[in-house]
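Presented below is the structure to which this report refers.
The values are calculated or read from the model by the stated rules, or taken from the named source; none is laboratory data. Since this is a predicted model, take the numbers as computed values, not measurements. Cβ: placed from backbone, ideal geometry, glycine included. Neighbour counts: every protein chain shown.
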Amino acid sequence: MSSIKIIVGLGSCGIAAGANKTYNEFENIKKNENLNFILGKTSCIGMCFREPIVEVIDKNVSFLYGNVDANKAVEIVENHIKKGEPVKSLLINETDQSFFEGQVKIALRNCGLIDPENIDEYEAKNGYEAIKHIIKNNISQEEIIQTIIDSGLRGRGGGGFPTGLKWKFVADKKTNNKYVICNADEGDPGAFMDRSLLEGDPHSIIEGMIIAAYAVGATEGVIYCRAEYPLAIKRLNIAINQARQKGYLGNNILSKNNFNFNIHIKEGAGAFVCGEETALIASIEGKRGMPRKRPPFPAESGLWNYPTNINNVETYANIPWIIKNGANEYKKYGTEKSKGTKVFALAGKINRSGLVEVPMGFTIHDIIFKLGGGIPNGKKFKAVQLGGPSGGCIPEYLDNTIVDYESVTATGAIMGSGGMVVMDETTCMVDVARFFLNFTQKESCGKCTFCRIGTKRMLEILEKITEGKGKEGDIEKLEELAYLIKENSLCGLGQTAPNPVLTTIKYFRNEYESHIKEKKCIAKVCKNLITYTINPEKCTGCMVCAIKCPVKAITGQKKQIHFINQELCIKCGDCYSSCKFNAITLS
Amino acid sequence: MRIERIYKTEKKENTYEPSVDLTLLDELINKYKNYKGNLIPILQGVQNIYGYIPKEACIKISNETGLKLSDMYGVATFYAQFKLKPVGKHIIKVCHGTACHVQNANSITAAIQEALNIKDGETTSDRFFTLESVACLGCCSLAPVMMIDDEAYGKLTGNKAVNIIKNIKLNENK
């Protein structure tokens, strides 16, 4: 019995699903009943759809339990721990195991497997071996940079710039002061890859930064993390302190003379534009996070005007693996121009939402249907949104598109940081475009006129269309504005803000037209274009809808026909989904 | 756009601002006084202490550190995190990320607005709740999601959300 270990997944998604309660339950049982199993913590394993997840390691065999609340924790202890009988009904079954088929975990290699708050567990998984290897064998800066260039690793934050080249530019600058920055300002709504990495394996990012610092000759590192990720910040702080105690950070690292490097964390304050590198630097300097003209690029003049290397979280997480296993091993995965793997966050109308890491070249169809398990409730797949507010929607008929930088860009979307939001037939594409534009419009820093005012005008047009007030020529006006904004904005935010609109016009023009000409929303989403009514022939007067209605818009006595007051109705659809007799019609 | 126009006609009488204990700031000021790039951490510290950024605090900080009031105001209004008005005891953050949006997050906000009789961004008159929309809480698999203080609630409907809020109030009034 003593060889049994119970590990609870405590990432943000697990905690939101109640994993803390599960953990506390195990802890209480252990204490009260004096059981001697080992209780451990880890982070997100990627299967967000089955959180809270508990792994029981019994004589080196792993049993993965899904949706474990406090009651089920008791059940697991009673049966599996005490009697040695695994609770079959709670095990993540074979079909869900297919979630892992075809995945190659490089960046996520330790996520969900180690306790992120314990440096020993990272070291036990070959952690900090890469930097030790570099120091021990006296590998030169040029050699490291060449390895990264050879590996073909490109920036995982969305830009796709070759990482090795970026390092080379910084390394070539001859100054005493250089900086290494980790961009952890993951602002794309619908993307949570970086959060999971920071929470699940913070040491891999720190090691990646140490290697980068060594290669480019920097002495100071900053992790710019969004304040909305409190758990990530907490775990990073713990990890940095542990790394310092073990001599991986500080002065004369690993006893190498004059190899000094320190990292500190800077909390973002909630501005999407700060994901842009020059805005991020301004924010670290304590200013309004507004981008500036490039060149000079940060490699030349970055933080406090010194040469600065900025990479994304996922990029850094790949570095130690590449150094340890070699460029050729990494190059094995991927396509001609995009090497290695990419992490995607699956969300939206999909059965298995979560985190997947696949080799470049995987098709979107396979990600959604093989790993993601398809669309729930038998609905039809319509489109997938890639790249957040800067990206676009790829329609169902292009789902054979492979994921690599060039192929995704060819569709009009962008690879972005890896958010993948799946949409089905009940999603209105005009509404989606309006949603993203509303976001970018609010987040525009206001510096460039076209981005500041142009996005506002586009949003107004989209709002009119979704309210049923669109008119002929609106689509053309949107397109004209879109191109002007793209051409006349300084930074990535403005240059890409119109992408969601342009791709939805390109692939779903019919939906725009039916909103404008017929005043109809095919997906039945746009509130001004739909009404909920009660069919008197089918209504049994069960009162369920009246109770469910959050605004008390439904009136009617028991066993009498109910009525919806259209003036009060907020069109939330709760009545529609709760009626057992299909008495509510949506038109 | 991150610039908000200030209209002169805006009534001043609604801006209820309790006077605050400024001595709480001393430690914060000492910690960051001579540290470059200190403006954002200072403002974050102020908000941690008071829950928002009171005007008096800015004046004191400006006097003692030499930071310009105009810079402080510029930064405080640029970033979504900073609040210049006092907030309610509990902050309700309704997620409006992409995943939540396609799962009908708008109806959650609409239902809460209706139930609390406030608009997005406002605080109830009893200063119990502040309603906010946020971009993404990163719990996309549980969409639609809201977070009250540090607790996340997933797979909501309008009705569920309103009930959760009512229960919080009921439990505290007991």
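Residues of segment A:286-295 being crowded, with 16+ Cβ neighbours inside 10 Å and either acidic (Asp, Glu) or in contact (Cβ under 8 Å) with a residue 60 or more places away in the chain (or both), which ones?
A:Arg288, A:Gly289, A:Met290, A:Pro291
Identify the single condition in (1) of a type outside the set (Val, Ile, Thr); (2) within 14 Å of another protein chain (Cβ to nearest Cβ); (3) assigned to a loop (DSSP other than H, G, I, E, B) that A:Gly361 does not satisfy, given that it satisfies every other one.
Unmet condition: (2).
Condition check ((1) buried (at least 21 other Cβ atoms within 10 Å of the Cβ); (2) under 19 Å from the mean Cα position of the chain (by Cα); (3) at pLDDT below 95) across all residues:
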| residue | (1), (2), (3) |
| --- | --- |
| A:Pro395 | no, no, no |
| A:Gly418 | yes, yes, yes |
| A:Val421 | yes, yes, yes |
| A:Asn438 | no, no, yes |
| A:Gly446 | no, no, yes |
| A:Gly454 | yes, no, no |
| A:Arg457 | no, no, no |
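Determine whether A:Met415 is outside any loop (DSSP other than H, G, I, E, B), closer than 24 Å to B:Ala135 by Cβ and not β-branched (Val, Ile, Thr).
no
Tell me, yes or no, whether segment A:371-381 has at least one residue that is more than 14 Å from every other protein chain (Cβ to nearest Cβ), under 21 Å from the mean Cα position of the chain (by Cα) and modelled with pLDDT under 95.
Yes; the residues of segment A:371-381 include at least one that is more than 14 Å from every other protein chain (Cβ to nearest Cβ), under 21 Å from the mean Cα position of the chain (by Cα) and modelled with pLDDT under 95.
Since B:Gly88 meets every condition but one in (1) of a type outside the set (A, V, I, L, M); (2) more than 8 Å from chain A (Cβ to nearest Cβ); (3) within 30 Å of B:Lys33 (Cβ to Cβ), which condition does it not meet?
(3)
Residues that are away from chain B (no Cβ under 14 Å) and under 17 Å from A:Phe297 (Cα atoms): does segment A:181-194 have at least one?
Yes, that holds for at least one residue.
Any idea which of (1) more than 8 Å from every other protein chain (Cβ to nearest Cβ); (2) more than 27 Å from A:Asp424 (Cβ to Cβ); (3) at pLDDT 90 or above is the one B:Val75 doesn't satisfy?
Result: B:Val75 fails condition (1) only.
Going through segment B:159-171 one residue at a time, which ones are in contact (Cβ under 8 Å) with a residue 40 or more places away in the chain and either more than 12 Å from every other protein chain (Cβ to nearest Cβ) or under 22 Å from the mean Cα position of the chain (by Cα) (or both)?
B:Ala161, B:Val162, B:Ile165, B:Lys166, B:Ile168, B:Lys169, listed by residue number.
Look at segment A:261-307 and say how many of its residues are under 16 Å from A:Val216 (Cβ atoms) and of a type in the set (Ser, Thr, Tyr).
Summing the residues that are under 16 Å from A:Val216 (Cβ atoms) and of a type in the set (Ser, Thr, Tyr) in segment A:261-307 gives 2.
Quick one: B:Ser125 ticks every box in (1) without any contact (Cβ under 8 Å) to a residue 40 or more places away in the chain; (2) within 12 Å of chain A (Cβ to nearest Cβ); (3) of a type in the set (Gly, Ala, Ser) except a single one, so which number is it?
Of everything listed in (1) without any contact (Cβ under 8 Å) to a residue 40 or more places away in the chain; (2) within 12 Å of chain A (Cβ to nearest Cβ); (3) of a type in the set (Gly, Ala, Ser), B:Ser125 misses just condition (2).
Restricting to segment A:560-577, name every residue that is buried (at least 17 other Cβ atoms within 10 Å of the Cβ), out of contact with any helix residue (DSSP H, G or I) (no Cβ under 8 Å at 6 or more places or on another chain) and over 16 Å from B:Gln113 (Cβ atoms).
A:Tyr576
Residues that are among the β-branched types (Val, Ile, Thr): which strands (runs of 3 or more DSSP E) entirely in segment B:93-174 hold 1 or more of them?
The strands (runs of 3 or more DSSP E) meeting that bar are B:129-134, B:146-148.
Would you pick out the residues in segment A:522-550 that are under 29 Å from A:Leu437 (Cα atoms) and within 14 Å of another protein chain (Cβ to nearest Cβ)?
A:Ala523, A:Lys524, A:Val525, A:Cys526, A:Lys527, A:Asn528, A:Ile530, A:Tyr532, A:Pro550
Is it true that A:Asn24 is out of contact with any strand residue (DSSP E or B) (no Cβ under 6 Å at 6 or more places or on another chain) and more than 30 Å from A:Val313 (Cα to Cα)?
Spelling it out, A:Asn24 is indeed out of contact with any strand residue (DSSP E or B) (no Cβ under 6 Å at 6 or more places or on another chain) and more than 30 Å from A:Val313 (Cα to Cα).
Residue check: is A:Lys471 more than 23 Å from A:Thr455 (Cβ to Cβ) and either loosely packed, with under 15 Cβ neighbours inside 10 Å or outside the structural domain of A:Phe435 (by TED's automatic domain parsing) (or both)?
It is false that A:Lys471 is more than 23 Å from A:Thr455 (Cβ to Cβ) and either loosely packed, with under 15 Cβ neighbours inside 10 Å or outside the structural domain of A:Phe435 (by TED's automatic domain parsing) (or both).
Pull out all pairs, ordered by first then second residue, where Cβ-Cβ is under 7 Å, the residues are six or more apart or on different chains, the first lies in segment A:321-337 and is in a helix (DSSP H, G or I), and the second is surrounded by fewer than 15 Cβ atoms within 10 Å (Cβ to Cβ) and of a type in the set (Gly, Ala, Ser).
none
Any idea how many residues of segment A:425-480 are part of a loop (DSSP other than H, G, I, E, B), in contact with a Cys (Cβ under 9 Å, 6 or more places away or on another chain) and of a type outside the set (Lys, Arg)?
Total satisfying the criteria: 6.
A:Cys445 - would you say it is touching a residue at least 24 places away in the same chain (Cβ under 8 Å) and within 11 Å of chain B (Cβ to nearest Cβ)?
yes
Select from segment B:92-119 the residues that are more than 9 Å from chain A (Cβ to nearest Cβ) and free of Cβ contacts under 8 Å to residues at least 24 places away in the same chain and list them in ascending order.
If the condition is that a residue be more than 9 Å from chain A (Cβ to nearest Cβ) and free of Cβ contacts under 8 Å to residues at least 24 places away in the same chain, then B:Asn117, B:Ile118, B:Lys119 are the ones that fit.
Of all residues in segment A:192-225 being under 23 Å from B:Cys140 (Cα atoms) and aromatic (Phe, Trp, Tyr), which is surrounded by the fewest Cβ atoms within 10 Å (Cβ to Cβ)?
The qualifying residue surrounded by the fewest Cβ atoms within 10 Å (Cβ to Cβ) is A:Tyr224.
At least 3 residues that are surrounded by 17 or more Cβ atoms within 10 Å (Cβ to Cβ) in each: list the helices (runs of 4 or more DSSP H) lying fully within segment A:56-126 that qualify.
A:70-76, A:119-124
Considering only residues of segment A:538-559 that are in a loop (DSSP other than H, G, I, E, B) and in contact (Cβ under 8 Å) with a residue 24 or more places away in the chain, which is nearest to B:Ala115 (Cα to Cα)?
Here the residue is A:Pro550.
In the set A:Asn241, A:Asn237, which member is closer than 30 Å to B:Met146 by Cα and modelled with pLDDT of 95 or more?
A:Asn237
Taking only segment A:368-393 into account, find how many residues are crowded, with 19+ Cβ neighbours inside 10 Å, touching a strand residue (DSSP E or B) at 6+ places or on another chain (Cβ under 8 Å) and of a type outside the set (S, T, N, Q).
Count: 14.
Looking at this structure, is A:Lys349 in contact (Cβ under 8 Å) with a residue 12 or more places away in the chain, of a type in the set (D, E, K, R) and within 12 Å of another protein chain (Cβ to nearest Cβ)?
Criteria met by A:Lys349.
Being in contact with a strand residue (DSSP E or B) (Cβ under 7 Å, 6 or more places away or on another chain) and of a type in the set (S, T, N, Q) is the filter; apply it to segment B:128-158 and report the residue that is farthest from the other protein chains (Cβ to nearest Cβ).
The qualifying residue farthest from the other protein chains (Cβ to nearest Cβ) is B:Thr130.
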